[in-house]
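Following: one structure in structure tokens, then a few remarks.
The values are calculated or read from the model by the stated rules, or taken from the named source; none is laboratory data. Computed from a predicted structure; not experimentally measured. Counting neighbours? That spans all protein chains shown, and the Cβs are built from the backbone with ideal geometry, glycine included.
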Amino acid sequence: MNTNNNNKNSIECDSVKIAASFRDPSGYLFIKKGILYRNITQSYRKHYNYAKESGLYKSLIDDELLISHSEINDDFKTSSETYKILRPERISFISYPYEWCFSELKDAALLTLEIQKRAIEANMILKDASAFNIQFKNGKPIFIDTLSFEKYKEDSPWIGYRQFCQHFLAPLTLMKYKDLRLNQFLRIFIDGIPLDLTSSLLPLITMISPSTLFHIHLHAKSQKRFSTRKKSVSLKMPRRNLIALIDNLKSAVNNLRLKKQDTEWQNYYDNTNYSSDSFLKKKKIISEFLNIIKPKNVWDLGANTGVFSRIASDIGIETISFDIDPLAVENNYLEIKKRNDKNILPLILDLTNPSPGIGWGNEERMSLEKRGPTDTVLALALVHHLAISNNLPFKKIAEYFSKLCKNLIIEFIPKTDSQVKHLLMTRKDIFTHYYEKKFEEEFKKYFSIKLKKDIIGSERKLYLMCKKEL
Amino acid sequence: MKFFKYQKDFILVLFLSLLMLIEPLIVKAYIDAGTGSIIIQAVIAFIAVIIFYFKFFWRKIRDFFRYFLNKYKKDKDNVETDLIDEHKQ
């Protein structure tokens, strides 16, 4: 018996606790020998068993609404505090709500409500409603917190309601009625956008919409009115009322739709000086390069609506399609939904100020760099924006790219190109070092150039580079 | 009187029973639900239920009148067809 126990792994030894999982006492995530595990504490025992026996876990996992897991208690030497060890299915790339476009956030909100409805049917309830409990898998949102379910106590209200409004309704209404870029508030406020702030920013017209009036404006007023109350609140909310609340939230989220609008990059491909022939040639070269390196995953930086990302995703490569423009990312996501693409995830990212580590100790949510490196970065028609619009020297660009990837497919656009001319039109040309030879020289410090090809019909060049081991 | 003898106990039992009925449901969890958020959600849920029942009864009333209206129309059409048939004969 003892020998058997000694062969088992201890949880504490060589394991790294995930910095994001410390708030909920029901359990925590840890990584041991590269494998992700979830420790369930004794305090969650009753709820875990109920979710399992009621068939809630199975039905949600079967319908791909909840991440799957397997129980692997036998492999570990556990303490008395531990009830079970699970091995959850791992999401290949963790994304955050401040990187999602409007429809991604909306779909995540609808998923939370659908799960809540199913939980109530199974006599359980979601005890929180954090947007960080959702990730994207195969082009669709999926719930990742197995320990968010609690046994439903008859007549109790929804504890997660405030969080749902702050994490989903507030950013969605701000994006719809004010500006698409306001989802960036989620980066500042880790527990969702405060409702008093949302209420003060929204235009008066939102008072006419009953859902915004109640869930945002009056909700904010109610929070302020009762913030000084010293006694804990006591009221009964029958199950029928709770279901009505969830249905009401569902129609409130469903009714949030974006107006049709133009975007900075939306017509980019119409305004470039590619002929349709050289556009096809560019696609062909990228395809050739991808066939040579055969990457497992690709990050397309400055992907616009994902035209070139699809070259990679269509051949089964997991692709993250980043762009600064929220509407380009929105269009990319809608296209994915239409085509039922499984290998591509569009995200909002300002490469000149990429997602940093945020939360407690700046460790709760990872920076972009920490979520890498990826096999291959696609940087197409990007370098001139970084070097000229953002005054970034080639050295800085090469250095940062070398931290993000092992292989680099990069396009160089000379000063004679109409796009670069356009960027220089309203400013002094201080970029004396912006030329092909200098570009190669600086990138060679971090990468070795494997291939270089001209895009016939334009003056642009495509490079395939591999990271040097420094 | 016996009632008065046990009046104090009776009141206590009544009070406790009432307390059981309106027993405060103290909401506690690992995240703060927020007093204001609990109150507003109860109000919204209450209104949503009223709207639901209103819609439900409105549909019932509408269907009831529709049924009679359709029946009336049908009867009228049948009478007219009969008259046309009689005329043809």
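Worth a mention:
- For the stretch A:142-168, the set of residues classified as of a type in the set (A, V, I, L, M, F, W, C), in a helix (DSSP H, G or I) and away from chain B (no Cβ under 12 Å) consists of A:Phe168 only.
- Residue check, A:Leu172 part of a helix (DSSP H, G or I), of a type in the set (A, V, I, L, M) and either facing another protein chain (nearest Cβ under 10 Å) or touching a Pro at 6+ places or on another chain (Cβ under 8 Å) (or both): no
- Across the stretch A:451-467, the qualifying residues are those that are of a type in the set (Lys, Arg) and touching a residue at least 40 places away in the same chain (Cβ under 8 Å), and the one among them that is nearest to A:Phe401 (Cα to Cα) is A:Lys467.
- Among the residues of the stretch A:237-259, just one is under 14 Å from A:Thr112 (Cα atoms), within 7 Å of chain B (Cβ to nearest Cβ) and in contact with a Ser or Thr (Cβ under 8 Å, 6 or more places away or on another chain), namely A:Asn248.
- In this structure, A:Leu202 does satisfy being away from chain B (no Cβ under 14 Å), in contact with a His (Cβ under 9 Å, 6 or more places away or on another chain) and hydrophobic (A, V, I, L, M, F, W, C).
- Among the numbered conditions (1) without any contact (Cβ under 8 Å) to a residue 40 or more places away in the chain; (2) in a loop (DSSP other than H, G, I, E, B), the only one that A:Gly192 does not meet is (1).
- The strands (runs of 3 or more DSSP E) found entirely in the stretch A:367-468 that carry 3 or more residues being exposed (fewer than 14 other Cβ atoms within 10 Å of the Cβ) are A:447-454.
- The stretch A:351-392, residues that are basic (Lys, Arg) and in contact with a strand residue (DSSP E or B) (Cβ under 6 Å, 6 or more places away or on another chain): A:Arg365
- 1 or more residues within 14 Å of chain A (Cβ to nearest Cβ), modelled with pLDDT of 50 or more and within 30 Å of A:Ile216 (Cβ to Cβ): qualifying helices (runs of 4 or more DSSP H) within chain B: B:35-88
- Test: residue in the stretch A:59-73 that is within 14 Å of chain B (Cβ to nearest Cβ) and at pLDDT 95 or above: no
- Filter pass, A:Thr352 being surrounded by 22 or more Cβ atoms within 10 Å (Cβ to Cβ) and among the polar types (S, T, N, Q): no
- Of all the numbered requirements in (1) out of contact with any helix residue (DSSP H, G or I) (no Cβ under 6 Å at 6 or more places or on another chain); (2) under 21 Å from A:Ile315 (Cβ atoms), A:Ser402 misses one, and that requirement is (2).
- Subset of the stretch A:45-91 that is surrounded by 14 or more Cβ atoms within 10 Å (Cβ to Cβ) and of a type in the set (S, T, N, Q) - its residue that is nearest to A:Gly357 (Cα to Cα): A:Ser68
- In the stretch B:35-49, the residues that are under 12 Å from A:Leu249 (Cβ atoms) and buried (at least 22 other Cβ atoms within 10 Å of the Cβ) reach residues that are at pLDDT 90 or above and among the hydroxyl-bearing types (Ser, Thr, Tyr) with C-beta atoms within less than 7 angstrom, at least six apart or across chains, in these pairs: B:Gln41/A:Tyr161.
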